[in-house]
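One structure is given here, and the rest of the page talks about it.
The values are calculated or read from the model by the stated rules, or taken from the named source; none is laboratory data. The shown structure was predicted, so the numbers you read here are calculated from the model rather than taken from an experiment. Every residue, glycine as well, gets a Cβ built from its backbone with ideal geometry; the counts of neighbours run over all protein chains shown.
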Amino acid sequence: MTKQSTPMQVALTLLPIVASLVITSALIMLVGRDPIAVYERILEGAFRNTNALASVFNFWIPLTLASLGLVITFRAGLWNIGVEGQMMFGALFASWAAQYVVLPAPVLVSFEIVLAMIGGALWAALAGVLKTRLGVHEIFGGVALNSIASVITIYLISGPWQPPEGGSAQSTAPFPADSLLPSISPEFPVSLLALIITVVAIAGVFFALRGTRWGLELKATGRNPRSALLLGVPTESNVLSAMMACGALAGIAGAYRVLFTYASLRPLVSGNIGFLALLVVLLVSMRPLLAPLVTFMVAALFVGSTRLKVAMQLDQSLAGVLQGLIVLMVLLSNGLRERWRERRRFREPEAAAVSDYQPVTPVTTEATTYE
């Protein structure tokens, strides 16, 4: 089968984005607004100054970490819907250390991040055990564990971890300054440590999936777990390790939300970033190096859309409409592309058989006379 040319691949990649922009522009015009002005306001909101750019990075960091984790589980054929709960459990473990552990600031921050990785990994391992041992699909297990994590968070905020002034379901008391991630500068409030961790995670996930035996086994497990098991691939341990790796990255994302974004623990501290990361992974099709680029675009769109209500009296949910349309168009494009490839696979062997057919020339024998 002949491969698609590079221009064709670029066109098929850009077509869904262009189609979603056209549909969104039509919706904007239906409400009497100029689409170009709306897009200009979004760009202005995301990149108007260093503080706005810092907001983009502060959303990009946890979204990228959660997306990289989901790339791992998707490679293993797992729909890890429970990434929201894994972020929350990472935030819970980090919040406990921030409130009750006394250490020098650099050591405490490192300890909090390690605890967040452990918390997220353990909560993800629970979903993996439910799947491998009890046969509970990871979607149903993940949804249930998300709800349980949310209930535990609210209980701790309104109970044992309530502020000194009294019970509240809004947030805990602000964490001590030594327990928080330091920012680069007041003009650019982004954690340098979190940026470094995110870059290392991008390189680590890419290398792990492309250059290790574990990555190859995850791919085999995701393609056909039964065949992989017959070939000696430890599918159950691969499922657990993939879930725990995703949970560890999601735990760091949750820790960033409580140790930098809010400086306290709040209900639903994940902010639906886990569900948004699922859309990102559907867009990048399990390519880890493409994930940070897409997450940056999504973060800029999310942050920039906050100016729509102030500048143009439009709700910022318009950004969600655009994100949903992009995902829908990409999935539709991928489905059409796969059907087209399948048709070519069936047609090309038939064409090859016809082209290779050579009519058989009958062999004629002449009588030989011996004298």
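Between L268, L229, the distinction of being assigned to a loop (DSSP other than H, G, I, E, B), modelled with pLDDT under 90 and of a type outside the set (D, E) belongs to L268 only.
Residues that are without any contact (Cβ under 8 Å) to a residue 40 or more places away in the chain and over 29 Å from A105 (Cβ atoms): does segment 239-254 have at least one? Scanning segment 239-254, I find at least one residue that is without any contact (Cβ under 8 Å) to a residue 40 or more places away in the chain and over 29 Å from A105 (Cβ atoms), so the answer is yes. How many of the residues in segment 211-238 are over 14 Å from T132 (Cβ atoms), charged (D, E, K, R) and touching a residue at least 40 places away in the same chain (Cβ under 8 Å)? The total comes to 2. Here segment 293-311 is the region considered, the condition is being buried (at least 17 other Cβ atoms within 10 Å of the Cβ) and farther than 16 Å from A54 by Cα, and the residue that is modelled with the lowest pLDDT is L308.
When you go through A242, A203 one by one, which is the residue that is closer than 20 Å to T64 by Cβ, surrounded by fewer than 18 Cβ atoms within 10 Å (Cβ to Cβ) and in the same structural domain as A127 (by TED's automatic domain parsing)? So that I can check it myself, show each step before the final result.
Values: A242 fails: surrounded by fewer than 18 Cβ atoms within 10 Å (Cβ to Cβ).
After applying the criteria, what remains is A203.
Looking across G120, G82, G90, G45, one residue alone is buried (at least 22 other Cβ atoms within 10 Å of the Cβ), in contact (Cβ under 8 Å) with a residue 60 or more places away in the chain and outside the structural domain of L278 (by TED's automatic domain parsing). It is G45.
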